[in-house]
Amino acid sequence: MSRQARKPLSKHQPADLDPYLDPMHSLGYLTRVNFRDFSKALEKLTLPHGVSSGQWRLLRVLWEDDNITQRELSERTGNKEATTVHAVRSLVAAGLATRTRCKIDKRKQYIRLTPRARRLKAKLMPMVVQVNELAIAGIDAREVAITRKVLAQTYENLNLYLGAVDD
């Protein structure tokens, strides 16, 4: 849905209308479109430094725990393995990471950041703060805290459900 076509949230829904049928009342839809817009806004800042939004998600994980397997990276970013393979290739091509095969299990590849990628952390991490501040402009701090709490709880609930389904 284009930005112009998005309807503002209505405070009053007819009693017979399930509010989740309106995308602008669905937590899933709102989370998805917000994620997409957060990604676009952040990429607008990181792209001049040669980092796309797909690369950013991998860098965030690798800055915290470098030299992990491609599979671990996939799990931690929530990407499918094929998506991670493509993103790792782009990190390697950009000179931001290297891949090393495990000597014991040749199927495993370890991903390690280059010195250039490690230096980028200091430049790029403040951009996360900038985008978050932009997103919450004009929203009361208590409402932001409630939003964080709600999103953390929905994350936990869905992960519990998905874990139960996967078992």
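Of Tyr110, Tyr155, all but one fail to be closer than 18 Å to Phe35 by Cα and among the aromatic types (Phe, Trp, Tyr); the exception is Tyr155. Note on the range 87-122: residues that are loosely packed, with under 12 Cβ neighbours inside 10 Å and closer than 14 Å to Gln55 by Cα total 1. The residue pairs whose first member lies in the range 123-137 and is surrounded by 12 or more Cβ atoms within 10 Å (Cβ to Cβ), whose second member is among the hydrophobic types (A, V, I, L, M, F, W, C) and at pLDDT 95 or above, and whose beta carbons are closer than 6 Å, counting only pairs six or more residues apart or on different chains, are Met127/Leu45; Val131/Ala41; Val131/Leu42; Ile136/Val144.
Taken together, Arg57, Arg71 contain a single residue that is charged (D, E, K, R), assigned to a helix (DSSP H, G or I) and buried (at least 17 other Cβ atoms within 10 Å of the Cβ), which is Arg57.
Can we say Leu124 is within 24 Å of Trp63 (Cα to Cα) and of a type in the set (A, V, I, L, M)?
Numbers: within 24 Å of Trp63 (Cα to Cα): yes; of a type in the set (A, V, I, L, M): yes.
Against the criterion (within 24 Å of Trp63 (Cα to Cα) and of a type in the set (A, V, I, L, M)), Leu124 qualifies.
Please pick out the residue among Leu27, Leu62, Leu21, Leu47 that is under 28 Å from Tyr155 (Cβ atoms) and surrounded by 14 or more Cβ atoms within 10 Å (Cβ to Cβ).
Values: Leu27 fails: surrounded by 14 or more Cβ atoms within 10 Å (Cβ to Cβ); Leu21 fails: surrounded by 14 or more Cβ atoms within 10 Å (Cβ to Cβ); Leu47 fails: surrounded by 14 or more Cβ atoms within 10 Å (Cβ to Cβ).
Checking each option against the conditions leaves just Leu62.
The values are calculated or read from the model by the stated rules, or taken from the named source; none is laboratory data. Keep in mind that what you see is a predicted model, and the values were worked out from it rather than measured. We place every Cβ from the backbone using ideal geometry, glycine too, and count neighbours over all the protein chains shown.
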